[in-house]
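To start, the structure under review is shown below, and the notes come after it.
The values are calculated or read from the model by the stated rules, or taken from the named source; none is laboratory data. Just so you know, these numbers come straight off a predicted model, no measurement behind them. Quick reminder, even Gly has a Cβ in these numbers, built from the backbone with ideal geometry, and neighbours come from all protein chains shown.
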Ligand SMILES: Nc1ncnc2c1ncn2[C@@H]1O[C@H](COP(=O)(O)OP(=O)(O)OP(=O)(O)O)[C@@H](O)[C@H]1O
């Protein structure tokens, strides 16, 4: 039976040479929700993401995904289990077209971690239908044959989301999806995140609090590596400790 929480951390801790960047973090991410991880600069958000995806080895604590302890699972196995992090723009190959980028991601899912560029044209063509569906989902059908490098900024982010969706994530980790975007791109990307959240769980680190308030079912606020507050936006935004943590950060 699948539990209510798709992801849990228990006393997750990361120490860098005596400096504790993440301390006893107990996260509970509810299946099907949009969950935001926020906090002032240096709060430990990126470190938590790096721990969840095994970029970093925890100094202590446990990570449970779908009830299974994945604390010692190798990074390459994490995506196969359904936990996929959407990287920032660099994950997209600039000189491949949108279709080719999504096709590479589909190949990655089918063939494991080894990118295998030397498949026959026939094998690759067989993935075109699926790739087109994914491009359609993120409203990139019209950009299908355009190299990624030529896409406007917001569309690149949509392509990145399509390549993540190709891996069929059950839990999608989004790393500052609105970083560097103007208003219009933010609106489109927020709508896209809401759309793709329909049949999966999303955990995102995001500095734009208006987006966070708009999209999130639950928010966890980190400060100096520890959970300061948790709950829906209406609750955490009124928390005096949260207000204090954000004072003077420009994100208030
Ligand atoms: N590899 C490392 N070695 C030493 N200290 C590190 C390392 N990675 C992160 N830290 C420290 O851990 C703390 C948390 O950093 P982290 O990047 O996780 O914060 P963040 O909440 O993501 O911040 P931001 O919003 O600025 O991205 C910071 O003080 C940072 O300097």
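Please verify whether segment 81-88 includes one or more residues that are assigned to a helix (DSSP H, G or I) and surrounded by 15 or more Cβ atoms within 10 Å (Cβ to Cβ). Break it down into steps so the answer makes sense when it comes.
Taking segment 81-88 as the starting set, the residues that turn out to be assigned to a helix (DSSP H, G or I) are 81.
Still in the running and surrounded by 15 or more Cβ atoms within 10 Å (Cβ to Cβ): 81.
Yes, segment 81-88 has at least one match.
Check whether at least one residue in segment 180-198 is outside any helix (DSSP H, G or I) and modelled with pLDDT of 90 or more, and report yes or no.
No, segment 180-198 contains no residue that is outside any helix (DSSP H, G or I) and modelled with pLDDT of 90 or more.
Out of segment 55-80, which residues are assigned to a helix (DSSP H, G or I) and either within 9 Å of the ligand (Cβ to nearest atom) or in contact with a strand residue (DSSP E or B) (Cβ under 9 Å, 6 or more places away or on another chain) (or both)?
If the condition is that a residue be assigned to a helix (DSSP H, G or I) and either within 9 Å of the ligand (Cβ to nearest atom) or in contact with a strand residue (DSSP E or B) (Cβ under 9 Å, 6 or more places away or on another chain) (or both), then 78, 79 are the ones that fit.
Starting from residues that are more than 29 Å from residue 191 (Cα to Cα) and without any contact (Cβ under 8 Å) to a residue 24 or more places away in the chain, keep the ones in segment 1-54 and report whichever is farthest from the ligand (Cβ to nearest atom).
Once the filter is applied, the top-ranked residue is 1.
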